[in-house]
Amino acid sequence: MQARYAAIVMDADNGRVLYAVNPDTRNYPASLTKMMTLYMLFEALERGRLTLSRKLSVSRRAAGISPTKLGLKKGETIAVEALILALITKSANDAAVVVAEALGGTEVKFARMMTAKARELGMRRTNFRNASGLPNRRHRSTARDMATLARQLIQNFPRQYRYFSRQQYTFRGKRFQNHNSLLRSFPGADGIKTGYIRASGFNLAASAKRGDRRLIAVVFGGRTAGSRDKHIAKLLERGFRKIANTAKTTIPLQRKPARRVAAKRAAPAAKSARTLKHRPPARTTRRPRPNPAPTPPDYSKEWAIQVGAYGDINPARRAVQRAITRAPKLNGNTRVSISPYYAGKRLMYRARLIGLTAASARTACVRLERRKIPCIAIPPNRVSTSDAPNSQTAKQAR
């Protein structure tokens with residue numbers, strides 16, 4: 001079943017849903033699809049498969065794709081950073097195909113990779129059939145899944161997320177304005193992506209930050225771009241008011257002093273005070289000083305690899321053991337971490353190996369991917385501090 005209207009507002013910090021209408025109804029995401037294309041591209045940059053200056057070739061299929069597009073020609077090349085900006089501002093379909101073919105060989109294979117990544121991120125009702133969002137009856141997603149994807153982009157790629165705030169982009173003398181007008185009209189808005197095909201209506205995934213709180217809102221099925229923008233602005237305002245009111249009401253309870261108990265205890269206390277006057281002074285003995293607490297190990301410079309995210313803890317454990325078997329050099333001081341997190345309302349488990357250097361993490365991922373095992377190199381700033389103390393060594397986990 002398809003509902004032309006669906007909406008959700010999510011707290012980006014904890015994934016709590018503040019507002020929802022038809023959040024799990026499958027609809028056409030249109031160019032919101034490019035959020036996943038960009039996720040795959042950002043992941044390739046983090047792994048070292050690509051660089052921002054790397055130039056990718058334009059195929060005949062990419063050049064002949066339906067608009068909206070940059071107008072790329074077969075045989076020419078374009079830098080990865082230019083493709084990122086074209087996808088975000090112009091929402092260029094030819095740029096999406098160039099990325100898909102560079103990372104997947106063909107757009108069809110890349111779409112399968114996108115769907116697999118969606119499952120890994122907890123997007124259970126999403127299926128991708130292309131990299132751009134052009135019409136396909138099996139190319140569907142939900143408001144909740146797109147909010148989950150936006151949240152993962154923000155959390156997993158904080159350096160790359162800044163591209164979503166670019167209001168304009170100039171390519172070969174042509175200036176393109178970002179379709180997301182909330183960047184210019186809504187206080188605190190800093191991304192993320194618009195989308196439209198006739199079957200979907202006007203879609204928008206937006207994020208805004210005020211103080212230290214960030215919200216994500218997704219709307220499917222707007223009648224016009226203007227009405228969609230006004231509606232999502234109202235949803236964000238309502239969300240910020242809700243979390244502000246919640247913060248005001250969550251004041252820690254203070255116990256009232258027990259007056260009656262204090263009155264009853266006053267008399268015995270006075271009596272004991274009189275008797276103490278006639279007692280000899282007690283000996284004062286020095287207590288031994290406690291040994292200083294051991295300095296905790298420094299995990300701040302350690303890299304990790306992630307070999308999957310699962311809806312159950314047992315497959316996560318098996319994934320780690322399989323990775324250790326396929327890459328024996330991960331043994332030794334490498335530690336296993338099966339860390340829970342919420343993707344929307346669904347409890348998931350990240351399967352990670354921690355305690356690597358940047359080089360060993362990337363090398364391990366290359367080796368595991370050759371053996372058809374998914375792997376992501378995680379830099380220190382994205383390794384949770386809660387992972388380290390509860391981890392086991394890889395040797396113990398086998």
Check your understanding: Which one is nearest to Leu87 (Cα to Cα), of the residues in region 127-139 that are in a loop (DSSP other than H, G, I, E, B) and without any contact (Cβ under 8 Å) to a residue 40 or more places away in the chain?
Key -> Arg129
Revision key, fill the gap. Checked pairs for region 48-63, first without any contact (Cβ under 8 Å) to a residue 60 or more places away in the chain, second hydroxyl-bearing (Ser, Thr, Tyr), C-beta under 9 Å and 6 or more apart or across chains, list as Lys55/Thr77; Leu56/Thr77; Ser57/Thr77; Val58/Thr77; Arg61/Thr106
Practice item. Filter the helices (runs of 4 or more DSSP H) completely within region 140-244 down to those with at least 2 residues that are touching a strand residue (DSSP E or B) at 6+ places or on another chain (Cβ under 7 Å). Key: 143-156, 182-185
Review point. Are there any pairs with C-beta distances below 6 angstrom linking a residue in region 102-122 that is under 19 Å from Ala319 (Cβ atoms) to a residue that is surrounded by fewer than 22 Cβ atoms within 10 Å (Cβ to Cβ) and at pLDDT below 95, with the two at least 6 apart or on different chains, and if so which?
Key: Gly122/Ala343; Gly122/Arg346; Gly122/Met348
Study note, to complete from the structure: Taking region 96-125 and the residues there that are out of contact with any helix residue (DSSP H, G or I) (no Cβ under 8 Å at 6 or more places or on another chain) and not basic (Lys, Arg), the one that is surrounded by the most Cβ atoms within 10 Å (Cβ to Cβ) would be Ala102
Review point. What is the number of the single condition among (1) under 21 Å from Arg362 (Cα atoms); (2) part of a loop (DSSP other than H, G, I, E, B) that Ser66 does not meet?
Key: (1)
Practice item. Inspect all residues belonging to region 212-225 and state whether any of them is at pLDDT 95 or above and of a type in the set (Asp, Glu). Key: no
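The values are calculated or read from the model by the stated rules, or taken from the named source; none is laboratory data. Here the structure is a predicted model, which is why all the values come from computation and not from measurement. Cβ atoms come from the backbone with ideal geometry, glycine included; neighbour counts cover every protein chain shown.
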